[in-house]
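Participant: Okay, here's the structure, questions in a sec.
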Amino acid sequence: MSLLEIENVHTYYGQIHTLKGVSLTVDQGEIVTLIGANGAGKSTLLKTTSGLLRPREGSIRLEGKDLTHDPPHEIAAKGLVQVPEGRRVFGRLTVTENLEMGAFAISDQKLIKENLDRVFQLFPRLKERHKQVAGTLSGGEQQMLATGRALMANPRILLMDEPSMGLAPILVDGIFEIIRKLHTDGTTILLVEQNARMALQVAGRGYVLQSGVVVLSDSAQNLRQNEMVRNAYLGET
Amino acid sequence: MLKRWRERITPTDVVMWFIGGTLLLLMFWGSTATLIEGRYTSHHWFDFLIFGLAQGSIYALIAMGYTMVYGTLRMINFAHSEVFMSGPYTAYFVAAAFYSSGFLDRQPILSLIFIFLVSMATSTLIAVLLERIAYRPLRTAPRLVPLITAIGASFFLQYTFRGLYGSGFQAYPVVKILEGEWMFGVFRILKFQAVVIVAAALLMTALYLFVQRTRMGKAIRAVSEDKEISSLMGIDIDRMIVTTFVIGGMAAGAAGVLYAVMFKQVHFFMGFIPGIKAFTAAVLGGIGNIPGAMLGGIFLGLVESIGPSLFLDGLGIVAPYQLKDAIAFIMLVLVLIFRPTGILGERLAIKKA
């Protein structure tokens, strides 16, 4: 049994059939990446998984338990937590308040404190700015905050949606450094990225999504060698 | 330089500034004339100030409900004036019973507490029912739909209460310990006004601390910023929305009793004017902003009470107090011309990087 099992999911945006039977699995401790062009359905898949969109067909299971029909806040409480695209930190809340919101489903104060310490250890920059309002942070710091906020929930699996988007190259390296570190700490990650080159370096396995269909799935190493992937996503000819 | 200026300023801006400038000039002229004439003594001004503070803190409490619901739902709950009316009107019957049995005179504090509880409970119940029945089914509808529903709900509630309690004015029983006055040096202050100000200040402090410090309060602020992300953090959006209605209802119910203590009567239509004023106060302070609503309410109360005498008397207008509502809404116009986001609206630009 895999940690996360997505089986034959069909999702519609109004009349538009965006996911046409997507299946994928993520095992405990793995980094799995999902690559694909704009509009291939990557974000739709993440939104369906976290309950913001309802699939018309198919099922989603976390640790064998079905959560296809659970509302988003219950899915989050069960340990499937998202680092959303475009960071979307709470701009008017302070850094600490943002992190506390990440731990909203946890009621044990001691555990929250422990998680806060761990996030501050991982991102010393956030500790320096813990009283600052999140809207005044730089893009890189906001990405750290969005990641830290998700980690506050003690996720069983972390869904990261385009963490490198809109960041300067040096910050992108930093973000992938963090992803590696989380991986060695044993965090399971499903990583959606447009930067396929970087994504395939940190991930163990990968899926390629095209127009709502998984067209390829293989180990990251094999995908890097694959002719089609190299042409379409790595920009090599 | 000049060219860039000309491109940035539209003819509408010029007209608006002209109107705003004229109003400001009139206010300045009027105030100077009034002060030179010296018709009012410092005692008068002090009375105006205290009355304004009392009136304003009632507006501020009602405004809390408008601003919090706007924050989470991006909708003006026009039925909030009826949430405000329902509490004190229902509590009136309790108060009247206490009065006729003599309990009100024997145990005034206990009776007042009980009247407050009944009023707050009724207003909260009405607010929660409104959310559940009228607004929740329309959560995903276009924005105009819940707005029209709110106006409909407002009428529905007004006439339901008229049907239940009758259409006449009901005189609230007088609480004897709140009559009379205290002296502060040479200034005298009416007891019930002092009580209104202190009670409202306590309630607003409690509310402010709740929203700023507690987990629930922070979650409400998170929801008002981004509902989708809040739900991804494990926050139950529906529960938070209901909480804002509960808090707004409690504040309105408390404000209702304070209103009844001040004006000593209730009526099925009593919510309309204070409701509109509190809405104005919320916009003045920057809608969606909680400290803004408090500030806006107090500001509006003060302007209404001091404004007519200060601005209009010097201009030779007779019986200026009749024009207090006009002054209040002129203030709204001025704030919207010179600071469209309200006094505290959007203090920082939120970067969507």
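Participant: Cross-link partners among aspartates and glutamates for residue B:176, C-alpha distance below 16 Å, same-chain residues fewer than 8 apart left out?
Facilitator: B:105
Participant: Using 0.36 nm per residue of separation minus the Cα-Cα distance, give me the extension gain between residue B:341 and residue B:133 in nm, one decimal.
Facilitator: Full extension from residue B:341 to residue B:133 adds 71.7 nm.
Participant: In degrees from 0 to 90, rounded to the nearest 10, what is the angle of the helix A:109-122 Cα long axis to the longest principal axis of chain A?
Facilitator: It is inclined by approximately 70 degrees.
Participant: In chain B, which helices (entire DSSP H runs) extend 18 Å or more along their own long axis, judged by Cα positions, while averaging at least 1.0 on the Kyte-Doolittle scale?
Facilitator: Those that clear 18 Å and a mean of 1.0 are B:11-37, B:108-129, B:144-165, B:191-213, B:237-263, B:272-285, B:290-307, B:324-338.
Participant: Given labels modelled 7 Å from the Cα in the Cβ direction, how far is it in nm from residue B:326 to residue B:209?
Facilitator: 4.4 nm
Participant: On to the next question. Sort out for me the Cα centre separation of the range B:140-198 from the range A:95-170, rounded to whole Å.
Facilitator: About 45 Å separates the Cα centre of the range B:140-198 from the one of the range A:95-170.
Participant: Which value at 222 nm does chain A reach when only helices count, each DSSP H run of 4 or more adding -39,500 (n - 2.57), with the total divided by all residues and rounded to the nearest 500 deg cm²/dmol?
Facilitator: -10500 deg cm²/dmol
Participant: Using only the Cα atoms of the range A:1-144, what are the Rg and Dmax in Å?
Facilitator: Considering the range A:1-144 through its Cα atoms, Rg and Dmax are 17.1, 48 Å.
Participant: Using only the heavy atoms of the protein chains and a 1.4 Å probe, how would B:40, B:159 rank by accessible area, largest first?
Facilitator: Descending order: B:159, B:40.
Participant: Full-extension gain between residue B:33 and residue B:144, please, as 0.36 nm times their residue separation minus the C-alpha to C-alpha distance.
Facilitator: Net length gain for the segment: 35.4 nm.
Participant: Sorted by average packing, counted as other Cβ atoms within 10 angstrom per residue and highest first, what order do B:218-224, A:162-168, A:7-13 take?
Facilitator: Ranked from most to least packed, the peptides come out as B:218-224, A:162-168, A:7-13.
Participant: Straight distance only, please: which lysines reach the Cα of residue A:127 with their own Cα at less than 19 Å, same-chain residues fewer than 8 apart left out?
Facilitator: Within the straight-line limit of under 19 Å, residue A:127 reaches these lysines: A:110, A:113, A:181.
Participant: Also, I was wondering about something else. Rounded, prolate or oblate: pick one for the range A:124-187, where a ≥ b ≥ c are the square roots of the eigenvalues of its C-alpha gyration tensor, a/c under 1.5 means rounded, and failing that, prolate if a/b is larger than b/c, else oblate.
Facilitator: Here the range A:124-187 falls in the oblate category.
Participant: Further question: State log₁₀ I(q)/I(0) for the range B:123-268 at q = 0.10, 0.18 Å⁻¹ as given by the Debye formula over alpha-carbon point scatterers of equal weight, solvent excluded.
Facilitator: Evaluating at q = 0.10, 0.18 Å⁻¹ gives log10 I(q)/I(0) of -0.52, -1.15.
Participant: I need the phi-derived Karplus couplings for the range A:134-144: 6.51 cos²θ - 1.76 cosθ + 1.60, θ = phi - 60°, integer Hz, Gly and Pro marked x.
Facilitator: 4, x, 9, 7, 6, x, x, 5, 5, 5, 4
Participant: For the range A:172-235, what is the per residue volume of the convex hull drawn over the alpha-carbon atoms, in cubic angstrom?
Facilitator: Roughly 85 Å³ of hull volume per residue.
Participant: Which residue, B:94, B:303, B:266, has the most motion in a Gaussian network model of chain B that connects Cα atoms within less than 10 Å?
Facilitator: B:94
Participant: For a quick check: with amide H placed at 1.01 Å from N, whose amide H comes under 5 Å from residue A:188's, ignoring anything fewer than 5 positions away on the same chain?
Facilitator: A:29, A:158
Participant: Return the ratio Rg/(2.2 N^0.38 Å) for the protein assembly as shown, where Rg is computed over Cα atoms only.
Facilitator: Against the compact-globule rule of thumb, the ratio is 1.18.
Participant: Determine the shape class of chain B: with a ≥ b ≥ c the square roots of the Cα gyration tensor eigenvalues, call it rounded for a/c under 1.5, and otherwise prolate if a/b is greater than b/c, oblate otherwise.
Facilitator: Because a/c hits 1.5 or more and a/b fails to exceed b/c, chain B counts as oblate.
Participant: Before rounding to the nearest 500, sum -39500 (n - 2.57) across all DSSP H runs of length at least 4 in chain B and divide by the residue total; then give [θ] at 222 nm in deg cm²/dmol.
Facilitator: -24000 deg cm²/dmol
Participant: Continuing with the same structure: What figure, in Å² to the nearest 10, do you get for the accessible area of residue B:4 with a 1.4 Å probe and non-protein molecules left out?
Facilitator: Using a 1.4 Å probe on the heavy atoms, I get roughly 150 Å².
Participant: Share of chain B's accessible area from carbon and sulfur, percent, 1.4 Å?
Facilitator: Here it works out to 71 percent.
Participant: Another one. Shielding of A:39-51 by partners, i.e. mean partner chain Cβ atoms within 10 Å per residue?
Facilitator: That works out to 1 on average.
Participant: Too long at a 31 Å Cα-Cα cut-off: which of B:218/B:264; B:227/B:264; A:20/A:65?
Facilitator: Over 31 Å Cα-Cα: B:218/B:264; B:227/B:264.
Participant: Compute the relative contact order of the range B:42-351 as a whole-number percentage, counting only Cα pairs closer than 8 Å that sit 6 or more residues apart in sequence.
Facilitator: About 35 percent, as a whole number.
Participant: Oh, and also: Given H placed on each backbone N at 1.01 Å, which residues far from residue A:218 in sequence or on other chains put an amide H within less than 5 Å of it?
Facilitator: Long-range HN contacts for residue A:218: A:206.
Participant: If A:128, A:5 are ordered by their accessible area, calculated over protein heavy atoms with a 1.4 Å probe, which sequence runs from highest to lowest?
Facilitator: Sorted by accessible area, descending: A:128, A:5.
Participant: Oh, and also: Which residues of the range A:104-139 show a drop of at least 50 Å² in accessible area when all protein chains are present, compared with their chain alone (probe radius 1.4 Å, heavy atoms only, ligands and nucleic acids excluded)?
Facilitator: Output list: A:104.
Participant: Chains B and A: what accessible area do they bury, summed, in square angstrom to the nearest 100, with a 1.4 Å probe?
Facilitator: In total, this chain pair buries about 2600 Å².
The values are calculated or read from the model by the stated rules, or taken from the named source; none is laboratory data. It should be emphasised that the depicted structure is a prediction, and the values quoted were computed from it without experimental measurement. Note that we place each Cβ from the backbone using ideal geometry, even for glycine, and neighbour counts take in every protein chain shown. Side chains included, ligands, DNA and RNA excluded: accessible areas come from the protein's heavy atoms. Shrake-Rupley method; radii C 1.70, N 1.55, O 1.52, S 1.80 Å.
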